[in-house]
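Reviewing the structure listed below.
The values are calculated or read from the model by the stated rules, or taken from the named source; none is laboratory data. Keep in mind that this is a model prediction, so the values were computed, not measured. Cβ: placed from backbone, ideal geometry, glycine included. Neighbour counts: every protein chain shown. Ligands, DNA and RNA are stripped out before the accessible areas are found, and what is left, the full protein with its side chains, is counted by its heavy atoms. Shrake-Rupley method; radii C 1.70, N 1.55, O 1.52, S 1.80 Å.
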Amino acid sequence: MIDRAAIAAARRHIQDRQPHFLRTTPLMRVPGAALGVGCAEVWLKLEHLQVGGSFKARGMLYRLLANPVPDSGVIIASGGNAGIAVAAAAQALGVRCEVFVPEVSPEAKRARLRALGAEVVVTGAAYSQAFVACVERQKATGALQAHAYDQPEVVAGAGTLAAEIDEQGGRLPDTLLVSVGGGGLIGGVAAWVESRAHVVALEPERAPTLHAARAAGQPVDVEVGGIAADSLGARRIGALGWEVSQRHVHDALLLPDDAIRAAQRWLWKEMKLAVEPAAALGLAALQTGVYRPQPQETVALILCGANFDPANLA
């Protein structure tokens, strides 16, 4: 089970073994009115400034530190962000890294992987197909397999982000709006928060893994597409994210692509924050009224990644 004790243990382990790899990313606190939102305050956790450009660095580093890495190194299937995080951690630790990415992954992410020294294998139309190929390769090489979102170390590592918000804010906000793909981030955040704040899951309409699982009563495969598919493109919610969200997450809301893109561009135009579409779901939920905060509420948005082609902001 992923809980507060597991997340606290992850923080200690990372601090003891690799204290200088991860960044303590800024927490920006602004009046709701500054974002055109009718709430007291909005906290923006600028996790897109993390090593490797996303929150994934936390869980991937912990995965490598908590397990012996063979000479064949570490291997992962990823839409991009998890692979970049593993490659960065592997480079810091001096171990080999192989990353399987689907054809939908942006060239900018592939270039970043190669720059970090990873061997990149492009295969399959979607993440699920890249994952199958990755598993077959792992069986042949014996490399340590990292999963993009569904391993205890990965989820606990993601939870350190929520613990950091807790410390930086001096308390938790009333509500945290969290983007969902495979469920690693919301699993870690919700496990740290428990019932002390309201955690809201946000998904693109074209990648509704948690929403579909709740409708079916269990994780199910969904068709994925749209502007956030490269980072929120898992076909099924992970077992760990599903379990934690069942305990601690009440609301799972959907957003259209046009609202996500508008929020992404607003963050660049008005605040000069260049983030990928997956990081804009929280603002999109507020701007469209999909989530309506109370006037006295403090809402936290996690800007979870920035691995994208900035030309898309034009």
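Tabulated results
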item	result
Convex hull of segment 177-229 built on C-alpha atoms - directionally averaged projected area, nm²	3.8 nm²
Student exercise, segment 220-314 dipole from Lys, Arg, Asp, Glu Cβ charges, in Debye to nearest 20	200 debye
Spin-label model distance (nm) - Val135 vs Ala8, 7 Å beyond Cα toward Cβ	3.6 nm
Alpha carbon centroid spacing (whole Å) that separates segment 238-269 from segment 93-120	26 Å
Principal axis dimensions, largest first and in whole angstrom, of segment 252-299 by Cα	28, 21, 13
Selected from Glu167, Glu297, Glu98 as most flexible by GNM, with the chain as the system and alpha-carbon contacts under 10 Å	Glu167
Set of aspartates and glutamates with alpha-carbon distance to Lys109 below 12 Å, sequence-local pairs under 8 removed	Asp230, Glu276, Asp309
All-pairs Cα distance distribution in segment 80-186, expressed in whole percent, bin size 5 Å	2, 11, 18, 21, 20, 13, 7, 6, 2, 0
Fraction in percent of alpha-carbon pairs per bin - 10 Å, segment 37-115	18, 46, 22, 9, 4, 0
Tilt relative to the chain, helix 257-271 - C-alpha long axis, 0 to 90 degrees, to 10	80 degrees
Kirkwood hydrodynamic radius of segment 1-133, Cα pairs, Å	16.3 Å
Sorted peptide list for 288-296, 195-203, 257-265, criterion being average Cβ within 10 angstrom, highest first	195-203, 257-265, 288-296
Apportionment of accessible area to carbon and sulfur, segment 91-167, percent (1.4 Å)	51 percent
Leu144 accessible area, assembled protein chains, probe 1.4 Å, Å²	20 Å²
Debye log10 I(q)/I(0) at q = 0.12 Å⁻¹ for segment 198-314, Cα point scatterers	-0.43
Probe 1.4 Å - accessible area at Met271, Å² to nearest ten	50 Å²
Kirkwood-based shape ratio for segment 131-214, expressed as Rg/Rh from alpha carbons	1.08
GNM result for the chain, Cα springs below 10 Å: residue of Gly142, Gly238, Gly182 fluctuating most strongly	Gly142
Globularity index of the chain, i.e. its alpha-carbon radius of gyration over 2.2 N^0.38 Å	0.91
With Cα atoms, 0 to 90° folded angle of helix 81-93 axis to the chain main axis	60 degrees
Residue-averaged 222 nm ellipticity for the chain, from DSSP H runs of 4+ at -39500 (n - 2.57), nearest 500	-13000 deg cm²/dmol
Cα lying deepest toward the dipole's positive end in the chain, options Ile2, Val199, Thr24, charges on Cβ	Thr24
Segment 110-260 - Rg and Dmax from Cα coordinates, angstrom	16.2, 48
C-alpha long axis of helix 152-169 to longest principal axis of the chain, angle in °	40 degrees
